[in-house]
Each structure stands twice: as C-alpha cells, then as structure tokens.
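The values are calculated or read from the model by the stated rules, or taken from the named source; none is laboratory data. Everything numeric here is computed off the predicted structure, so don't read it as measured data. Note that we place each Cβ from the backbone using ideal geometry, even for glycine, and neighbour counts take in every protein chain shown. Only protein heavy atoms, including side chains, enter the accessible area calculation; ligands, DNA and RNA are left aside. Shrake-Rupley method; radii C 1.70, N 1.55, O 1.52, S 1.80 Å.
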Amino acid sequence: MKIAIIAGTFFPYSGGVQVEIHNMANKLVKNGHSVDVYVFKNIKLKNNFYRIIKINYLFLSLLYIFKKFFNLKLHKFFYLFNFRYIELDHEIYHFHFLNFKSLILIEYLKYFKKKVLVTFHGADIQIKKNINYGFRLNKKFNFYLKEIIRKVDGIQCISKNIYEDLTKLNIKRKIIYLIPNSISVKKRQYNNKKDQYINLITVGRYARYKKGYDLVSRIAKRLVEKNIKFKWEIIGENSHRIYEDEYISKHKDKIISIDNIKNINETYFPASKLLRHYSKANLYINLARIESFGLTFIESLACNTPIISFRSKGINEIIINKKNGFFVKDINSLVDKINKLHLNRQLLKKLSLNSPKTVKKFDLDKNYKKLVNFYNKFSN
C-alpha cells in the first residue's frame with residue numbers, strides 16, 4: 001500500500017505526535033508498505049525507513065492567507081493552479097495533528113477525491129479555556145475545522161477523551177475507529193530500584209501551565225518540609241526553565257532538569273537512554289492539566305514505574321487506581337502518597353510489578369495490525 005502521512009508537527013520538536021508518526025511509519029515500511037511523510041519544514045533523520053518530503057510551503061501559505069483572512073473559496077485555485085502541494089498517487093492520506101494549513105490540504109485532496117484519514121492529538125481538538133489551550137479557541141480555525149472534518153473518510157481516535165470531543169462535534173460514529181498510541185514494548189527496561197531516596201520522574205516539554213510545571217516548587221517545598229529524601233528528574237525540551245523559579249533553582253541537588261533525550265540511531269522511540277531514566281525511578285509524577293493520551297505514561301508503566309497523578313484528562317484512561325498508580329485530589333495528598341510509598345516498599349513493589357501488565361494493549365505490533373486494517377477499509 002502507498003501511504004502519505006501528513007505531519008502537522010514533526011521533529012526536531014519532540015512529542016507524542018512525532019514519536020507516533022515515526023514509529024508507525026517505520027513499522028509500516030518494515031512490513032512492505034511505501035510511506036511518505038510530508039512535513040512543513042525540512043528535517044533530516046538517520047533512523048527513518050520512510051521518505052520525508054517537504055510540502056510546497058510557498059503556495060500553501062498563499063492559500064492560507066486567502067482562506068484565513070479573506071475567506072475565499074479555495075476550489076477555484078485548486079482548479080486553476082494545480083501546484084501539487086502533495087503528490088496525488090497515494091492510496092491513503094493520513095493527517096496527524098491538524099492546523100489551519102492541514103485543513104487546506106484536506107480540502108485540496110478531497111477536491112481530487114482522495115481518501116483522507118485524520119488523527120487528532122490534543123490541541124487540535126481539545127479546549128481548556130482557563131489555561132488558554134486549544135486551537136479551537138480561535139473562531140476561524142474552529143469554523144473551518146467543523147466544515148472540513150465532515151469531508152474526511154475516517155478518523156483514528158487515540159483515546160476515549162478524544163472520542164467524546166468528536167461526538168460533541170456531531171461526527172458520525174461509524175467513521176471513528178479507536179486505535180490508541182503505541183510503544184515498542186520489547187524495548188522496555190527494568191531495574192531493582194533499591195535506593196535510600198524516593199526517585200521521581202516527570203517527562204514532557206516545558207509548558208508551564210499545560211504540563212503543570214507551575215506546581216513543582218510547591219510540591220518540592222512540601223517534600224522538604226516532611227523531610228522526605230527525594231530526587232526528582234524532569235526531562236524534556238526546555239525543562240531547564242524550571243530553574244526560573246527561585247526555590248527550584250536553590251534545590252538543584254534534588255530537582256534535576258535534563259534536556260530532551262534524542263534518539264538518533266534506534267529504529268523506534270523512546271531512546272533506550274530515556275528508558276533507563278524511567279527504569280531507575282520509583283514513581284512517575286504527572287502534573288499535566290490535560291492530555292489527549294500521554295505516551296510518557298505508558299512508557300513509564302512499561303518500565304515498571306507506577307504513576308501518581310491528579311484525575312485529569314488523558315491520564316484518567318491510563319491509571320487503574322491502586323493497581324498501577326494512584327489518583328490524588330491535591331498537592332498535600334500527592335505528597336502524602338509519595339511519602340507513604342517511600343515508607344511502604346512492599347506496596348510500591350506491588351504497583352511496580354503490576355504496571356507493565358496494564359500497557360500490553362498499547363503494544364506497537366498489535367496496533368500496527370489495527371492500523372493496517374483501518375487503512376484497508378479505505379484503500380482502492
């Protein structure tokens with residue numbers, strides 16, 4: 001099968017969208033499919049089996065201006081000027097993470113009667129007004145999305161949270177297929193985690209309010225006040241910005257920022273180096289206020305590291321309370337739970353042993369088969 005994947009965001013920026021696209025594209029090629037990944041900016045990788053093609057950005061930008069600022073009908077331009085923004089000889093066109101230009105490309109492809117599939121990943125569908133999160137807060141994007149989404153042939157839904165958002169848009173349920181994000185379970189690593197400290201880990205790019213990094217100093221203060229011996233690694237792009245907080249900056253011995261850990265040579269993400277960090281941690285601390293899914297959660301669980309979290313969107317589908325982690329109500333109960341598990345290593349071990357059992361359904365090999373079946377429903 002010849003497949004085009006159109007990435008609304010891609011490397012060098014690292015996140016769940018990019019990892020999911022890369023892993024699944026490599027898996028598809030290894031199994032005999034032809035995959036072209038279309039991107040908005042030039043990027044060269046060393047570990048991709050798929051082709052990377054830069055979209056004709058100049059002409060696409062002109063259409064963007066015509067549509068967003070003048071609300072012109074674009075089909076006239078498609079008819080008069082076929083600039084081949086994307087080659088038209090693929091059987092499937094799969095969009096990951098929609099932005100305004102993605103919507104233009106979908107309209108372009110549907111004008112030529114191509115099979116278009118979509119995967120939403122968070123900001124392109126979710127809204128959280130109190131932290132100004134979500135593209136749909138922009139009225140022009142929201143209106144155009146509602147118009148274009150009814151033209152697509154199928155939607156890969158990565159979580160129940162996304163499913164709820166789609167049904168609120170009155171999307172036909174028969175075109176929605178639940179296929180979650182995936183990890184290569186075979187890469188997971190283990191460690192006996194014996195230490196006098198309670199070792200904590202949080203993984204994610206620096207987004208102060210969306211990822212909950214504004215709460216780190218308050219949690220750290222409570223841990224110190226309770227005389228809990230801890231080390232807390234915070235890993236991700238621009239994570240050094242946590243040191244902009246004066247308290248955190250004074251406690252660099254306890255709260256360690258590590259920049260995004262890249263994967264240059266391995267076929268699948270995450271990098272083995274990152275898995276080693278998960279593996280040596282006792283607990284993953286999730287502070288994010290909203291997620292569409294959260295690959296880092298299942299990466300952590302696969303490495304026997306249970307999670308403590310507030311009951312927020314995304315993580316509420318991953319944690320099984322008291323089995324692979326705990327939900328807490330506030331900062332005080334979060335700190336108390338960390339202390340309890342620090343003192344009760346038998347309970348911590350039980351959670352740790354349970355954790356990888358709860359992520360088997362997210363295995364890359366299993367979800368690859370589901371995705372191919374999804375594609376086969378629409379291919380010629």
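Taking the DSSP bridge list for the chain and keeping only pairs wholly inside it, about 0 percent are antiparallel.
If you take every DSSP beta bridge fully contained in the range 1-147, what fraction is antiparallel? Give it as a percent rounded to 5. Counting DSSP beta bridges with both partners in the range 1-147, the antiparallel share is about 5 percent. Among ALA288, ALA271, ALA302, the residue with the largest mean-square fluctuation in a Gaussian network model of the chain, with springs joining Cα atoms closer than 10 Å, is ALA271. Centre-to-centre separation between the Cα atoms of the range 237-294 and those of the range 34-83: 33 Å. Assuming charge only on the beta carbon of Lys and Arg (+1) and of Asp and Glu (-1), the dipole of the range 124-183 about its Cα centre is about 260 debye to the nearest 20. Electrostatic tally near PHE11: other residues with Cβ closer than 10 Å to its Cβ, Lys and Arg +1, Asp and Glu -1, net +3. Surface composition of the chain: carbon and sulfur atoms hold 50% of the protein heavy-atom accessible area at a 1.4 Å probe. Taking 31 Å as the limit for the C-alpha separation, the pairs LYS313/LYS369; LYS46/LYS160; LYS76/LYS366 exceed it in the case of LYS46/LYS160; LYS76/LYS366. Annotation: aspartates and glutamates with alpha-carbon distance below 19 angstrom to LYS174 (same-chain offsets under eight excluded): GLU147, ASP153, GLU164, ASP165. Partner lysines whose Cα lies under 16 Å from the Cα of LYS54, excluding those fewer than 8 positions away in the same chain, are identified as LYS41, LYS44, LYS101.
Dipole of the range 257-374 computed with +1 at Lys/Arg Cβ and -1 at Asp/Glu Cβ about the Cα centre; of ASN324, ILE307, SER257, farthest Cα towards the positive end is ASN324. Charge tally for ASN227 (other residues, Cβ to Cβ under 13 Å; Lys, Arg +1; Asp, Glu -1): +4. A protection proxy built from the mean count of other Cβ atoms within 10 Å ranks the segments 312-321, 92-101, most packed first, as 92-101, 312-321.
A simple count of charges around GLY154, restricted to other residues whose Cβ falls under 11 Å of its Cβ and scoring Lys, Arg +1 and Asp, Glu -1, yields +3. Remark: the chain carries 46 Å² of accessible area per residue (probe radius 1.4 Å; ligands, DNA and RNA excluded). How much mean residue ellipticity at 222 nm does the chain get from its helices, if each DSSP H run of length 4 or more adds -39500 (n - 2.57) and you divide by all residues, to the nearest 500 deg cm²/dmol? Calculated mean residue ellipticity at 222 nm is -10500 deg cm²/dmol.
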